[in-house]
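Each reported figure results from applying straightforward, stated rules to the coordinates on display, with no laboratory input. Keep in mind that what you see is a predicted model, and the values were worked out from it rather than measured. Here Cβ is always computed from backbone atoms with ideal geometry, including for glycine, and neighbour counts include all displayed protein chains.
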Amino acid sequence: MVQLKIFRLNPEKEEKASYTTYELENQNSLLMALRFVREHIDPSLAFRDFHCAKGVCGSCRMRVDGKPRKACETMLISGHTYLIEPLEGKQIIKDLVIR
Amino acid sequence: MTEIIKTNVVVIGGGAAGLRSALEAAAQGREVLVLSKGVVGKSGITPLASFGISAAVNNDDSIDRHLEESLRVAQGIGNPKLLQILAQESPARLKDLVAYGLTFKMEDDGRFYHPVRAGKRDNHTCCINGGGFSLNQALRRAAEASPRIRILNDTMALKIVKEDDQVVGLVVLDIASGKLAAVSAASVILATGGYEELWHFTDTSTDSTGEGICLAMDAGADLVDLEMVLFYPLVMIHPPSAIGCSVPYDLATNINARLLDGRMRDLSTKALSPFDLIKTAYRAIRSGSATPNGGIYFKVECEMPETQIIEIIKERMGVRFTHLQKMGISLHRDRIEMSPASHYCLGGVQIDEDGRTNIKGLFATGEVSGNIHGAGRVFSNALAETQVFGYRAGRAVTSNARNGDFSEPLAKVEKEIQEVCSGFKSPAAIRSDLKMIMWTLAGPVRHGDLMTEALNRIIELSHNNMRVKRDTFCQQLVAALEVKAMIRLAEAVVRSGLERTESRGHHFRDDYPQMDDGWRAHTRVRILKDEMIIDKIPA
């Protein structure tokens, strides 16, 4: 199992961000884990999930434990908790999606 | 009050074909709006394309040979006129790309480098440094630099609006706000790519859902040869971090890889053509001896020194090698699950030499168009097609916009959205069911009985509406609308497949294994009086 503590913000409705923690089976990469969350736990979670399978496009870049990473190239280790936030310095559309 | 955006030309799709058409339309003095479902350059199919773009550009290259090769692979139903234009004009379009700042692999003497494929020196494939991703970025930069082009990311086209049989614009969804808007334009250029996502295994992106083709179909456009889908022989299907990563099929021969079924039986694929390899692998998967994730195994058993094997893999896999390395996956050590996967849609919207469809004001270019390559496509003709026919569509558009009335189409789309969102199932669950139906019953090897079963199950699925909360950055709504379109398109694809009672190129039927001269023709799909009609028209 892994735990993802994910930044949540809908700027249309909320002024302050909150964090939701999800616990799930390890899905290998962070991108696949986020997809699992959206498909099976919380369909309201927003992130860019265009999947190039090459680590090239960079559309899934986000901060993992404070560092900018590509979700598709971030391998998760079972038993760990990860802090997942959007990249800094950009306008947030929703949750992990930036303009 | 719903926003109405006014422009001369609206391009749907921010890939190589869409941006090239936008650049040419702008060069002709038009105001152009480019809509992209995701972020331009970081979504769609172009960024995933390989390096190859065909153009007989060197002095000793032959345009005739390029054409001959394209016609041969098209198996009798390619369009000779369009393929000739492709061969003739691709060198000039390649030079345009150089002007946009794209670089290519070059010989020391300044000629464009052509790779050696299957032991033969290719005479028309040029190699883009950085592949499709770099191509898309170069075109994006050029488009952003044009004062006449405006790009709208996160915008999904939902309906083509016509008045008196002439296109007047679009109804679109602004994904960020979740609100509808209208676009008033004299010409619509459809450049939305293919529908590879209809199948369980694909090596393209998750947004290649094909709703652009449904837009054209609903506007009255003729669609041809939708059953013609190019499957790629070897694509990784496990682990999850490598899903969709394709492996050049001749690499297996180069490094002496064995292909095994789930019971470790050798599939003896050494001397097989790529197409026979697809059939052999698919049959093994479907006969109940698949690997745990539904594929076959790829296992290297080579006597070459490890460093040499890695060098070969690295050269052939390019950026994908680096990705796999970061993921801790080793092609030469691990036993890897692979499968054939949908790779390119040969069929689509019927066009003339300037991308015109049968609907006044509606153009189509790139993979979404359907009558260029016939039953098979030459490697690297796909990217050349985006540039040659993108340019031509951009040059041919007109800009005499009339002020359409969008109130009724907007209300209609709003009603459709409410209906789609009135159900109980999740879009992801229906999508996954549909993809499995298409893969198991209408995949690379087909049979009339199985396709009939597929059709029945697709029609059952079509009765489902979905449970969707409409929200800011409404990915759920996008997913639901995609699924709705995918179900309709799947019906059209399967019915086209049933109509074509022969085997030709990438349409292979176990119940009709031979090519039939009577089928040197296109299947055609169109909507007449709200009903989907399939027939046969001359190629």
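Quick one: divide the alpha-carbon radius of gyration of segment B:142-275 by 2.2 N^0.38 Å and tell me what you get. List each step's numbers first, then the result.
Details: Rg = 21.1 Å, N = 134, 2.2 N^0.38 = 14.1 Å.
So segment B:142-275 has a normalised radius of gyration of 1.49.
Give me the percent of DSSP beta bridges within segment A:1-92 that run antiparallel, rounded to the nearest 5. The partial results should precede the final answer.
Working: 14 of 18 bridges.
So the antiparallel bridges in segment A:1-92 amount to around 80 percent.
Each other residue within a Cβ distance under 12 Å of residue A:19 adds +1 if Lys or Arg and -1 if Asp or Glu, for a net charge of +1.
Relative to 2.2 N^0.38 Å, what does the C-alpha radius of gyration of segment B:133-187 come to as a ratio? Two decimals please. List each step's numbers first, then the result.
On the way: Rg = 13.9 Å, N = 55, 2.2 N^0.38 = 10.1 Å.
My calculation over the Cα atoms of segment B:133-187 gives 1.38.
Of all lysines in the structure, those lying under 26 Å Cα to Cα from residue B:529, and not within fewer than 8 positions of it along the same chain, are B:159, B:162, B:360, B:412, B:415, B:484.
Give, as a single signed number, the net charge of other residues whose beta carbon lies under 15 Å from the beta carbon of residue B:32, with Lys and Arg counted +1 and Asp and Glu -1.
Local charge sum for residue B:32: +4.
In order along segment A:27-42, phi translates into HN-Hα couplings of 9, 6, 9, 4, 4, 5, 5, 5, 4, 4, 4, 5, 7, 10, 10, 9 Hz, rounded to whole numbers, per the Karplus curve 6.51 cos²θ - 1.76 cosθ + 1.60 with θ = phi - 60° and x for Gly and Pro.
Think of each Lys and Arg Cβ as +1 and each Asp and Glu Cβ as -1; about the Cα centre, that makes the dipole of the protein assembly as shown roughly 1000 debye.
Ranking request for peptides B:285-292, B:338-345, B:467-474: highest mean number of other beta-carbon atoms within 10 Å first, then the rest in descending order. Walk me through the intermediate numbers first.
Working: B:285-292: 15.4, B:338-345: 27.1, B:467-474: 18.5.
In decreasing order of mean packing, B:285-292, B:338-345, B:467-474 become B:338-345, B:467-474, B:285-292.
Of the GluC sites (Glu not before Pro) found in segment B:68-114, the ones in coil according to DSSP and having at most 15 other Cβ atoms within 10 Å of their Cβ are B:107. In this calculation the C-beta distance from residue B:28 to residue B:111 is compared with R0 = 41 Å, giving a FRET efficiency of 0.80. Just report the Cα centroid separation between segment A:16-44 and segment B:104-171, whole Å. Segment A:16-44 and segment B:104-171 have Cα centres separated by 34 Å.
What shape does segment B:399-514 have by the C-alpha gyration tensor, where a ≥ b ≥ c are the square roots of the eigenvalues, rounded means a/c under 1.5, and otherwise prolate means a/b greater than b/c and oblate the rest? Could you put the intermediate results ahead of the total?
Working: a/c = 2.98, a/b = 1.66, b/c = 1.79.
Oblate, since a/c reaches 1.5 and b/c is not below a/b.
Database remark: amide H of residue B:522 closer than 5 angstrom to the amide H of B:537, B:539 (H placed geometrically; neighbours at sequence offset of 5 or more, or on other chains; Pro and chain starts carry no H).
Per residue of B:473-481, other chain Cβ atoms within 10 Å of the residue Cβ number 4 on average. Label-to-label distance for residue B:98 and residue B:312 is 3.4 nm, based on points extended 7 Å past Cα in the beta-carbon direction. Using a simple spin-label model with pseudo-atoms 7 Å out from Cα toward Cβ, residue A:81 and residue B:358 lie 6.2 nm apart. Distance between the C-alpha centres of segment B:372-442 and segment B:36-97: 22 Å, rounded to the whole angstrom. Of the peptides B:527-534, B:274-281, B:214-221, the ranking by mean beta-carbon count within 10 Å, highest at the top, reads B:214-221, B:274-281, B:527-534. Considering helices alone, the calculated mean residue ellipticity of chain B at 222 nm is -11000 deg cm²/dmol, with DSSP H runs of length four and up weighted by -39500 (n - 2.57) and normalised per residue. In order along segment B:46-58, phi translates into HN-Hα couplings of 3, x, 8, 5, 6, 7, x, 9, 8, 6, 7, 9, 7 Hz, rounded to whole numbers, per the Karplus curve 6.51 cos²θ - 1.76 cosθ + 1.60 with θ = phi - 60° and x for Gly and Pro.
Here the gap between residue B:253 and residue B:302, fully extended at 0.36 nm per residue and compared with their Cα-Cα distance, gives a gain of 16.6 nm. As a calculated quantity, the FRET efficiency between residue A:88 and residue B:514 at R0 = 51 Å, using C-beta atoms, amounts to about 0.25. Averaged over residues, the count of other Cβ atoms within 10 Å places the peptides B:493-503, B:383-393, B:244-254 in the sequence B:383-393, B:493-503, B:244-254, highest first. Restricting to bridges with both residues inside the protein assembly as shown, how much of the DSSP beta-bridge set is antiparallel, in percent to the nearest 5? Antiparallel bridges: around 70 percent, rounded to the nearest 5.
Give me the percent relative contact order of chain B, please, defined on Cα pairs under 8 angstrom at least 6 residues apart. Please report the intermediate quantities before stating the final value.
Details: 1251 pairs, mean separation 113.7, N = 539.
That works out to 21 percent.
Counting Cα-Cα pairs of chain B in 20 Å increments starting at 0 gives whole-percent bin shares of 23, 58, 19, 0.
If you scale each eigenvalue of the Cα gyration tensor by 5 and take the root, what three semi-axes come out for the protein assembly as shown, rounded to whole angstrom and sorted largest first?
Details: eigenvalues 217, 198, 135 Å².
That gives 33, 31, 26 Å for the three semi-axes.
Please give me the summed charge of the neighbours of residue A:89: other residues whose Cβ is under 14 Å from its Cβ, Lys and Arg +1, Asp and Glu -1. For residues surrounding residue A:89, the net value is +2.
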